[in-house]
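*Asks:* First the structure, then my questions, so here it is.
The values are calculated or read from the model by the stated rules, or taken from the named source; none is laboratory data. In this text, all values refer to a predicted model and were calculated from it rather than measured experimentally. Counting neighbours? That spans all protein chains shown, and the Cβs are built from the backbone with ideal geometry, glycine included. With ligands, DNA and RNA removed, areas are computed over all heavy atoms of the protein, side chains included. Shrake-Rupley method; radii C 1.70, N 1.55, O 1.52, S 1.80 Å.
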Amino acid sequence: MIISMPFLSIWFRRTNAMLITGSFMLLLLLAGSIIAPLLFALDPLAIDATRKLEAPSATYLLGTDEFGRDTFARIVYGAHVSLRVAFAATALTAVVGIILGTVSGQSRLADAIIGRISDSLLVFPGFVLAIMILAAIGPAEINVVLAVFLLYVPRVIRTVRASVIEFITADFVQAARSVGIGNFRLLAVHVLPNATGPVMVQLSFGFAWAILVEAGLSFLGLGLPPPSPSWGNMISDAREFIRTAPWLMFAPGAMISLAVLSLNLIGDGLRDMLDPRLQNKINL
Amino acid sequence: MKHVAPIPAESQTGTSGSGTTAFHGAAEPALEIRGLQVRFPSDQGPVSVIDGIDLSIAKGEILGLVGESGCGKTMLARSILRLIPPPGRVTGGKIMFDGVDLLGLNHERMRPIRGDKIAIVLQEPMTSLNPALRIGDQITEVLKAHRPLLSQAERNALASDLLEQVGIQMASQRLTQYPHELSGGIRQRVVIAMALVCGDVRLLIADEPTTALDVTIQAQILELFTRLQAERRMAVLLITHDLGVIAQTAHRVAVMYAGRIVEIAEVNQLFDSPRHPYTRGLLLSLPRRGVGLPKSQLPAIAGSVPKLSNLPSGCSFYDRCPHHLEDRCQVSVPALEETRPGSWVRCHRWRELPAFELPADVKP
Amino acid sequence: MNSFATADPEPILEVKDLVKHFASSGSWSWQQRRKTRAVDGISFKLLPGSTLALVGESGCGKSTTAKLILQLLEPDSGDIRLCGESVTKPKKNALRRLRRNVQMVFQDPYASLTPHLKIGAILREPFLVKGVRPRYEINERVRFVLTAVGLDPNIAQRFPHELSGGQRQRVGIARAIAGEPRLIVCDEPVSALDVSIRSQIINLLLDLQKSCGLSFLFISHDLDLVAHVSDVVAVMYLGKIVEQAPAATFFAQPRHPYSQALLASSPIPDPRRRTKPAIRGEIMAGTELGAGCRFRNRCPLAVSLCAAAEPELQTITESHEVACHRADETAYTHEASQFQTHANK
């Protein structure tokens, strides 16, 4: 309740086109991937050797691949995989990022340690580091989640840390402290909700980035092992047939673009909405 | 600019031309504001932040403008310089300066007036100076804009001269310092120097110029203001919420409440016999050394400052006023009436109010 | 009222030789560390039911003193006793109990209420801390304190930004009295409010003092206000108390040149009695302090002794203490007495 309130009130006060479009697209994507399996009998793994590399038709909306598997079914289940990985990574990033960010916002020693570790993670170009990590611990869904988490968590830590440092000295926090409130409640109720906005922005970009990284890793064969229907795997498999069956490449590519675009719109929209410099409203 | 028809009560004073000039007994006005209206759009429709203000400032006078936060006093200052922040807009009225209506000028023609003929000093000396520039450069920059023919050496000489005039010692050394190296009082002196650097300032607008300063420094800055004003025969519009500051510096006082002027009078008049219940309430509510019993209840004005988007109908002071009459005060907005030469009040009942008296002195 | 020197009733607050320095250094360790002596050895006592005003200009250390008393900062040395118990080195449980005895009203009512919490949630906290249960009991008490500060109890459903400045400050006061403290630190409680609202808030504070027997540590730069609300006045300058006296004595006859300057500079709301700047110059930088009096660079009476030795607080008449080498000569002369009384028209 506490966390959602300021967020919601701002939401209702200022609507903005980017945010609305982005949210609408993401909702459509989510709803589609949930509803489609209920409406159609979809099996992403069923092989039909008689119908290989078929063009889109009424039976197979997006055609079939080289094993005769339904591309539409694989796109729908690929959405599950992509979104699951991205969601797990983002959730892990949020939890760990908020905890570590809060700790380093409060203690100098912790800040020094956490800060240096974060910095050393940020030194590498993100995707290269992801490849290194996956190469080291082997391809698996959980490992992809871990790699994305490791790469993105420093940004969330920084954001939370900045908010904590800014608000821990605010009058209202001092006021709450002088009433005798314990440290935990002070942080959870008075300080952290102020970081909600910037953290949400970070996380929506992180979510988009997670989808991209998962696709990229799968494309390189470092992501989910086949026959998992991941969008990255699908693009990778479609490389050979780019001339003969371009829909195999096009469909997952479009989905990735769509998902990433929608989340970036949400992130930008949130940032605009929460940026105090853009709120030149006069209080009448 | 479209002139919005004022509400009926306003029209008596707001649009009758010669009557308004007589308003303030200012023989030769440096600035004359007539029927000024400033509006901001809001969720509940446009809100008048300034609602039909008539005001003139005579040459060589300090006009004090008193009011609380949100009463429109800062917007008034900004509209003189044409610096109303969007989405606010001037929706009516005239601001006559030097024979022209400032509201009718485009930006090209407004620029030579800003900073040269009309200057402004703001509340916070730290934010009105650029932290990245030496103060000498900031002062000469103003000169570059308005006196392009001077050489750099002449500009520097003018600048250090000016710093001495505003009471800064070792002026030539100060020119090379950055704002953060100076104390608050010196900074405000620099800001004043910058405002006056062109030497031709006819109207100085000072918006809460001492609010951020300590009392001992405030006294010094106020003294500087009065000295410079007398030396240069400038008109000064001094905006503040502090009645002490007004009493100590202003020649004439205008009291604003909720976007309108409710009382104008010569300073002794205003403090001796205020007419408007709001002015009276303010003066009575001030704790004063040696007046009234210590720890006794202060006479307070009831209620809170109304929101401009939600003003009472009729007199905007209606629901806080101890003298309000339902049948009159709630019905129409009172007009600004002349109570004696040079004194004006916006109250239906000013004739009926008892004489104003401060509580008796308590001698220890 | 003027019993502050005699020790008969136990003081609610006793501060002894309190020191707090801040290191203001560059971020590089080899840069020389400069110390700001925010509070530099101050002592005072506050009796039950009375008000001590700490007066001074920005940077004099009055807000740091408040934070030290509220244990929002830890002192470098010295002792703070609340209701006879030391709070400087307390055990954790004792600290919680002690903290309840002192509360604070903040200067800026816009910044001191958590913006995303409803008024009710903000006011429930002191009761939660106190261990009041169950929830309806807490809500009942929230309604009670809201009524006590003159607000409609339904305001509990609103957010801070929906309230006016005066209403917010009332909420701030409600929060302070909720824990039933014996001492409230008021840090410039009205200076951020509109002029027409200030007297309401002052009246409320005076009312609460009378009805609950509260003690106030009243921090302000407004001497007219201080004259109205306080029993004892302590003037601070650069971390030291330079003068301390019962209010009536102080305003009739301030003896420190700085106190006199403060009184003379504060603008009187009467155009017929113009004031003049009483002192020149500004507060001395920390590096120049040296051994002498901290006020010597602005003092009209400074002599060579003032640069050589720092004057100690000394009692000059009953319960009137001044830290000035030339205190014998500072009694008001006839023409200076214009500042004492309000001239008649």
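*Asks:* If you place +1 on the Cβ of every Lys and Arg and -1 on the Cβ of every Asp and Glu, how big does the dipole about the Cα centre of the protein assembly as shown come out, in debye to the nearest 20?
*Replies:* Details: 101 positive and 89 negative charges, 95 e Å.
The dipole of the protein assembly as shown has a size of about 460 debye.
*Asks:* While we're on this one: Provide C:ILE241, A:ILE168 ordered by accessible surface of protein heavy atoms (probe 1.4 Å), highest first.
*Replies:* Largest to smallest exposure gives the sequence A:ILE168, C:ILE241.
*Asks:* Determine how large the accessible area of C:LYS240 is when every protein chain is in place; take a 1.4 Å probe and give Å² rounded to the nearest 10.
*Replies:* 50 Å²
*Asks:* Might you report the magnitude of the Cβ-based charge dipole of chain B about its Cα centre, with Lys and Arg at +1 and Asp and Glu at -1, to the nearest 20 debye?
*Replies:* Value, rounded to 20: 240 debye.
*Asks:* At 222 nm, what helix-only mean residue ellipticity would the protein assembly as shown give, in deg cm²/dmol to the nearest 500, using -39500 (n - 2.57) for each DSSP H run of four or more? If you can, show how the numbers build up before the last one.
*Replies:* Details: 33 runs with 409 residues, N = 993.
Taking each H run of at least 4 residues, the total per residue is -13000 deg cm²/dmol.
*Asks:* Ok, one more. Shielding by partners for C:108-114, please: the mean number of other protein chain Cβ atoms within 10 Å of each residue's Cβ. Don't skip to the answer; put the middle values down first.
*Replies:* Values: counts 2, 1, 2, 6, 8, 4, 13.
Rounded to a whole number, the mean comes out at 5.
*Asks:* Among residues other than B:VAL100 whose Cβ falls under 15 Å from its Cβ, what is the net charge (Lys/Arg +1, Asp/Glu -1)?
*Replies:* +3
*Asks:* Next question. Residues of the protein assembly as shown: accessible area per residue at 1.4 Å, in Å²?
*Replies:* Details: 43350 Å² over 993 residues.
Heavy-atom SASA per residue in the protein assembly as shown reads 44 Å².
*Asks:* In Å, what is the Rg of the alpha-carbon atoms in the protein assembly as shown, and how long is Dmax?
*Replies:* Answer for the protein assembly as shown, Rg first and Dmax second: 34.0, 117 Å.
*Asks:* Could you please put B:ARG155, B:ARG147 in sequence from largest to smallest accessible area, using a 1.4 Å probe?
*Replies:* B:ARG147, B:ARG155
*Asks:* Using a 1.4 Å probe on the protein chains only, how many percent of the accessible area of the range B:147-279 belongs to carbon and sulfur?
*Replies:* Answer for the range B:147-279 is 49 percent, counting heavy atoms of protein chains only.
*Asks:* Next question, about the same structure. Roughly what angle does helix A:108-123 make with the longest principal axis of chain A, taking Cα atoms, 0 to 90 degrees, to the nearest 10?
*Replies:* The angle comes out at about 30 degrees.
*Asks:* In percent, what relative contact order does chain C have, based on Cα pairs under 8 Å that are 6 or more apart in sequence? Don't skip to the answer; put the middle values down first.
*Replies:* Values: 624 pairs, mean separation 66.1, N = 345.
For chain C, the relative contact order is 19 percent.
*Asks:* Enumerate the helices in chain C for which the Kyte-Doolittle hydropathy averages 1.0 or more and the C-alpha atoms extend at least 24 Å along the helix's axis, using complete DSSP H runs. Before the final figure, lay out each step's value.
*Replies:* Details: long enough: C:195-212 (26 Å, 0.59).
Flagged H segments: there are none.
*Asks:* If you take each beta carbon of peptide B:295-303 and count the beta carbons of other chains within 10 angstrom, what is the mean?
*Replies:* Mean inter-chain Cβ contacts per residue within 10 Å come to 6.
*Asks:* Okay, next question. Could you state how much accessible area is buried at the B-C interface, both sides summed, with a 1.4 Å probe, in Å² to the nearest 100? Mind showing how you got there, number by number?
*Replies:* On the way: alone 17440 and 17710 Å², together 30700 Å².
In total, chains B and C hide about 4400 Å² from solvent.
*Asks:* Using the charge dipole of chain C (Lys, Arg: +1 at Cβ; Asp, Glu: -1 at Cβ; taken about the Cα centre), state which of C:SER230, C:PRO9, C:SER211 has its Cα farthest towards the positive end.
*Replies:* Result: C:SER211.
*Asks:* To continue, here is another question. I'm checking a number: the convex hull volume of the Cα atoms of the range C:48-230, normalised per residue, in Å³. What is it?
*Replies:* Dividing the Cα hull volume of the range C:48-230 by its residue count gives 122 Å³.
*Asks:* If I compute solvent accessible area with a 1.4 Å probe over the protein chains, what percent of it on the range A:115-243 is carbon and sulfur? Don't skip to the answer; put the middle values down first.
*Replies:* On the way: 3520 of 5290 Å².
Carbon plus sulfur share of accessible area: 67 percent.
*Asks:* Which one, C:LEU95, C:VAL195, C:VAL39, projects farthest toward the positive side of the charge dipole computed for the protein assembly as shown from Cβ point charges (K/R +1, D/E -1)?
*Replies:* Result: C:LEU95, furthest along the dipole toward the positive end.
*Asks:* Which entries in B:LYS73/B:LYS295; B:LYS307/C:LYS130; B:LYS59/B:LYS307; C:LYS35/C:LYS67; C:LYS62/C:LYS89; C:LYS67/C:LYS276 show an alpha-carbon gap greater than 28 Å?
*Replies:* B:LYS73/B:LYS295; B:LYS307/C:LYS130; B:LYS59/B:LYS307; C:LYS67/C:LYS276, as the Cα separations exceed 28 Å there.
*Asks:* Collect residues whose amide H, placed 1.01 Å from N in the peptide plane, falls under 5 Å from the amide H of B:SER42; neighbours closer than 5 in sequence don't count.
*Replies:* B:VAL47
*Asks:* Charges on Cβ only, +1 for Lys and Arg, -1 for Asp and Glu, centred on the Cα centroid of chain B; of B:GLY52, B:GLY303, B:GLY185, which one is farthest towards the dipole's positive end?
*Replies:* Toward the positive end, the furthest listed residue is B:GLY52.
*Asks:* Quote the total accessible area buried by chains C and A together, excluding ligands, DNA and RNA, probe 1.4 Å, nearest 100 Å². Mind showing how you got there, number by number?
*Replies:* Details: alone 17710 and 14930 Å², together 30840 Å².
Between C and A, the summed buried area is about 1800 Å².
*Asks:* What's the magnitude of the charge dipole for chain C around its Cα centre, counting Lys and Arg as +1 and Asp and Glu as -1 at the beta-carbon? Answer in Debye, nearest 20.
*Replies:* Working: 43 positive and 35 negative charges, 229 e Å.
Dipole of chain C, to the nearest 20 debye: 1100 debye.
*Asks:* Hey, what did the range C:48-230 get for relative contact order, percent, Cα under 8 Å, at least 6 apart? Mind dumping the intermediate values first?
*Replies:* Numbers: 257 pairs, mean separation 62.4, N = 183.
In percent, rounded to a whole number, it is 34.
*Asks:* Please give the peptides B:251-263, B:79-91 ranked by average Cβ packing (other Cβ atoms within 10 Å per residue), highest first, as a rough proxy for protection.
*Replies:* Working: B:251-263: 24.7, B:79-91: 16.8.
So the order, starting with the most tightly packed, is B:251-263, B:79-91.
*Asks:* Provide C:GLU310, C:GLU188, C:GLU318 ordered by accessible surface of protein heavy atoms (probe 1.4 Å), highest first.
*Replies:* C:GLU318, C:GLU310, C:GLU188
*Asks:* Cα centroids of the range C:144-196 and the range B:199-247: how far apart, whole angstrom?
*Replies:* Computed from Cα coordinates, the inter-centre distance equals 34 Å.
*Asks:* Against the longest principal axis of chain B, how steep is helix B:184-196, in degrees 0 to 90 to the nearest 10, with axes from Cα atoms?
*Replies:* Helix B:184-196 sits roughly 90 degrees off the main axis of chain B.
*Asks:* Between the range B:102-133 and the range C:53-75, what's the alpha-carbon centroid distance in Å?
*Replies:* One Cα centre to the other: 38 Å.
*Asks:* Also: Per residue of A:184-195, count partner chain C-beta atoms within 10 Å of its C-beta, then hand back the mean as an integer. Before the final figure, lay out each step's value.
*Replies:* Numbers: counts 0, 3, 1, 0, 0, 6, 6, 1, 0, 4, 3, 0.
Mean partner-chain Cβ count within 10 Å for A:184-195: 2.
*Asks:* Rolling a 1.4 angstrom probe over the protein chains, ignoring ligands and nucleic acids, what is the accessible area of B:MET75 in square angstrom, nearest 10?
*Replies:* 30 Å²
*Asks:* A further question on this structure: Quick one: accessible surface of A:PHE250, probe radius 1.4 Å, all protein chains present, in square angstrom to the nearest 10.
*Replies:* Per-residue accessible area (A:PHE250): approximately 150 Å².
*Asks:* List the relative contact order of chain A as a percent without decimals, with contacts defined as Cα pairs under 8 Å and 6+ residues apart.
*Replies:* About 27 percent, as a whole number.
*Asks:* Convex hull over the alpha-carbon atoms of chain C: what's its volume per residue in Å³?
*Replies:* About 165 Å³ per residue, rounded to a whole number.
*Asks:* Grab the other residues whose beta carbon is less than 15 angstrom from that of C:ARG141, score K and R as +1, D and E as -1, and report the net. All intermediate terms of the calculation are to be shown ahead of the outcome.
*Replies:* On the way: positive: C:ARG100, C:ARG124, C:LYS130, C:ARG133, C:ARG135, C:ARG143, C:ARG175; negative: C:GLU125, C:GLU137, C:GLU140, C:GLU180.
In short, +3.
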